[in-house]
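> Have a look at the structure that comes next, please.
Read-outs throughout are calculated quantities, based only on the coordinates presented, and are distinct from any laboratory measurement. It should be emphasised that the depicted structure is a prediction, and the values quoted were computed from it without experimental measurement. Don't worry about glycine lacking a Cβ; one is built from the backbone with ideal geometry, like all the others, and counts go over all protein chains shown.
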Amino acid sequence: MRISDKAAARLKELGAELRQGVSLAEKTSLGIGGTTDEILLGRYEAIPEVMGLLADEHIPHRFLGGGTNVLIVDGELPWVVLHLPTAKPGMRVEGRAAYVDASADLGGMVTFCAKHDLGGMEGLIGVPGSVGGALRMNAGAYGTQIGPHVREVELYRAASGQIETLRGSDIHFDYRHTSFAPDDLMLRVKLELPAKPYKEIIAGIKVCNEKRRASQPLNQKSAGCIFKNPAGGSAGRMIDELGLKGHRVGDAMVSDRHANFFVNAGRASCSDMLELIDDVRERVRGAYGMELENEVIVWRN
Ligand code: EPU
């Protein structure tokens, strides 16, 4: 999707930066995705006007956060992607509250809070991605989820065209699911965290890091777990029991380390990965009668 010169000039006036012909394969942890124009948003206050401009010009768009849980179609993409500015995201602590910009790195936020003796998020340390993405998906690992710590979220809501603040108690956080609308754009969060000595938090972080290193393919291109765990079951264990580790379609491969991680072992295309996902889903359905739901978010045309 290409932006007209007129719209580009107006975006510049609004403090947004336009980058043309960006490869999303370079912006995603899977290393898969086509090409499009990218808009780097500037001041939060200007976002409603930027969004108004895109609506007036009939420019379809999508928000991309850390790019660590998304599978994007190849080729010339029919939407522009919008990013929050990632340089120096705001993070501060006041008592047991942490105020963090959505563009901050999730792990960076966990260690920042640890340095202020605020814990409770040790399990999230190795989850790749941004704070905004973690909020949207209610990211979790090792018994920790971000949702229960959320007290307020400031976000741009496409439905109202405005920046709003939601109370944590008005947001539903379930397992890898939230009540945010798909076109809500997270901007900032206020978390309330338990006080804990730094040393204790670091010890907890070390344990999680070791568990993760021992069981997940951290050095390969992936989007983390491909499927959600079905109630009472483990997607990884079922796929493993079916002997599918190393199973591949082109360069899309079921990790030989953790069977719910599908890796890009070379130059996998989006259709390779989609074919592998469908194939594995079908095999699990056939063997266990269970329908696996995607955890990875798929952007198709
Ligand atoms: N297992 C196997 N073979 C495998 C993988 C797992 O037998 O190839 C077995 C394990 O031995 C264990 C069980 O399956 O008994 C569960 O495995 P694991 O502890 O690795 O956790 P998981 O349920 O597969 C979940 C999250 C991960 C998170 C870990 C740690 C989901 C879909 N996945 O994985 O999150 O890091 O727990 O808490 O909920 C993600 O969301 O992308 C993600 C990676």
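> Under a cut-off of 28 Å between alpha-carbon atoms, report the lysines in cross-link reach of Lys88, not counting same-chain residues fewer than 8 places apart.
Lys12, Lys27, Lys115, Lys190, Lys196, Lys199, Lys206, Lys221
> Let me ask something else. HN-Hα J couplings of the stretch 241-253 from phi, Karplus 6.51/-1.76/1.60, θ = phi - 60°, integer Hz, Gly and Pro as x?
Values, residue by residue: 4, 7, x, 9, 4, x, 5, 9, 10, x, 9, 8, 9 Hz.
> Next question, about the same structure. Using a Gaussian network for the chain with springs between C-alpha atoms less than 10 Å apart, which of these wobbles most: Lys206, Lys245, Lys88?
In the Gaussian network model the winner is Lys88.
> While we're here: Over the alpha carbons of the stretch 1-59, what is the largest minus smallest coordinate on each principal axis, giving the biggest first in Å?
That works out to 32, 22, 16 Å along the principal axes.
> Tell me what the chain gives for mean residue ellipticity at 222 nm when only DSSP H runs of n ≥ 4 count, each as -39,500 (n - 2.57), the sum divided by the residue total, rounded to 500 deg cm²/dmol.
Helix-only estimate at 222 nm: -8000 deg cm²/dmol.
> How long is the gain from Ser4 to Arg19 if the chain were fully straight, where each residue apart is worth 0.36 nm and the alpha carbon distance is subtracted?
Gain on extension, Ser4 to Arg19, equals 4.2 nm.
> To the nearest µm²/s, what D does Stokes-Einstein give for the chain at 25 °C and 0.890 mPa s, using the Kirkwood radius over alpha carbon pairs as Rh?
It comes out at roughly 121 µm²/s.
> How large is ³J(HN,Hα) for each residue in the stretch 211-228, as worked out from phi by the Karplus curve 6.51 cos²θ - 1.76 cosθ + 1.60 (θ = phi - 60°), to whole Hz, x for Gly and Pro?
Listing the rounded values in order: 4, 5, 4, 6, 10, 10, x, 6, 9, 10, 6, 8, 10, x, 6, 7, 10, 6 Hz.
> Right, something else. Mind telling me which of Gly132, Gly31, Gly90 comes out most flexible in a GNM of the chain, alpha-carbon contacts under 10 Å?
Checking each option, the largest mean-square fluctuation is seen for Gly90.
> Follow-up. What list of ³J(HN,Hα) couplings, whole Hz, do you get for the stretch 108-115 from phi and the Karplus terms 6.51, -1.76, 1.60, once you set θ to phi - 60° and write x for glycine and proline?
Result, rounded to whole Hz: x, 5, 4, 6, 4, 5, 4, 5.
> How high is the FRET efficiency between Asn219 and Glu45 when r is their beta carbon distance and R₀ equals 51 Å, given to the nearest 0.05?
For R0 = 51 Å, the calculated efficiency reads 0.80.
> With the cut-off at 1.5 for a/c, could you classify the stretch 1-123 from its C-alpha gyration tensor as rounded, prolate or oblate?
Details: a/c = 3.20, a/b = 1.61, b/c = 1.98.
Judged from the Cα gyration tensor, the stretch 1-123 comes out oblate (a/c at least 1.5, b/c at or above a/b).
> Which one, Gly15, Gly95, Gly289, has the greatest fluctuation when you compute a Gaussian network model over the chain with C-alpha springs under 10 angstrom?
Looking only at Gly15, Gly95, Gly289, the biggest GNM fluctuation is shown by Gly289.
> Tell me, how many Å apart are the Cα centres for the stretch 233-271 and for the stretch 30-83?
When both Cα centres are located, 29 Å separates them.
> Now for a different question. Taking amide hydrogens as modeled 1.01 Å from N in the peptide plane, which residues meet the under 5 Å criterion relative to Tyr142, leaving out close sequence neighbours?
Residues meeting the amide H criterion: none.
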